[in-house]
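Reading through the structure tokens given below for one structure.
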Amino acid sequence: MYKLKILLSIFFMVFSAIAFSQEPKFIYFDGSSNENYTKEDGSGNTNSEKLFQKSLVNRHLKYFIKGELFMVLNHKNSEILNENDLKNTNFSSIDKLKIKVQEENVYYPYKVYPDIFLIEKVSENKYQKFKVKWVYHIE
């Protein structure tokens, strides 16, 4: 009976680890895009801002997509890709990802989505892939 309890416990732990593990999420970034989005400024007014923004601060790459901050963990581990490499990539919508973050852990979005890869369009047929950390910030 004791062995059965141990086996069931091990089975449950393995099953839980598999059931609750997440697949990596892929988000798209096009810094050359002139696309804007509308956001509320805190006073009830709305402003138009660029959908994609990128900055380099203290040698840290920061990407903003719809105002959400994604920081590159290690830019030396990036990959160069072409369109063929991305054929089977399922890109996630920031809006859909934000819903789960707001429900589960708004202050630590990287805990909700620990494996996020940002695919940046570098040129017409060239892309760069970075592992990023989604960071809570106040503008």
Residue list for region 42-62, restricted to those being surrounded by fewer than 10 Cβ atoms within 10 Å (Cβ to Cβ), of a type outside the set (Gly, Ala, Ser) and part of a loop (DSSP other than H, G, I, E, B)
Asn45, Asn58, Arg59
Would you pick out the residues in region 84-104 that are among the charged types (D, E, K, R) and surrounded by 11 or more Cβ atoms within 10 Å (Cβ to Cβ)?
Asp85, Lys98, Lys100, Glu104
Determine the pairs where a residue that is touching a residue at least 60 places away in the same chain (Cβ under 8 Å) and over 17 Å from Lys66 (Cα atoms), located within region 103-132, has a partner that is of a type in the set (Asp, Glu) and assigned to a strand (DSSP E or B) with Cβ atoms under 9 Å apart, the partner being 6 or more residues away or on another chain.
Phe130/Glu79; Phe130/Glu120
Qualifying position, being of a type in the set (Phe, Trp, Tyr) and either within 12 Å of the chain's Cα centre (by Cα) or loosely packed, with under 12 Cβ neighbours inside 10 Å (or both), among Tyr127, Tyr107
Tyr107
Top-ranked residue of region 96-139 - restricted to ones that are at pLDDT 95 or above and assigned to a loop (DSSP other than H, G, I, E, B), ranked as farthest from Tyr63 (Cα to Cα)
Asn105
If we ask which residues in region 63-77 are surrounded by fewer than 17 Cβ atoms within 10 Å (Cβ to Cβ) and either aliphatic (A, V, I, L, M) or within 16 Å of the chain's Cα centre (by Cα) (or both), their number turns out to be 5
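The values are calculated or read from the model by the stated rules, or taken from the named source; none is laboratory data. None of these values were measured; they are calculated from a predicted model. In this analysis, Cβ positions are derived from the backbone assuming ideal geometry, glycine residues included, and neighbour counts consider all displayed protein chains.
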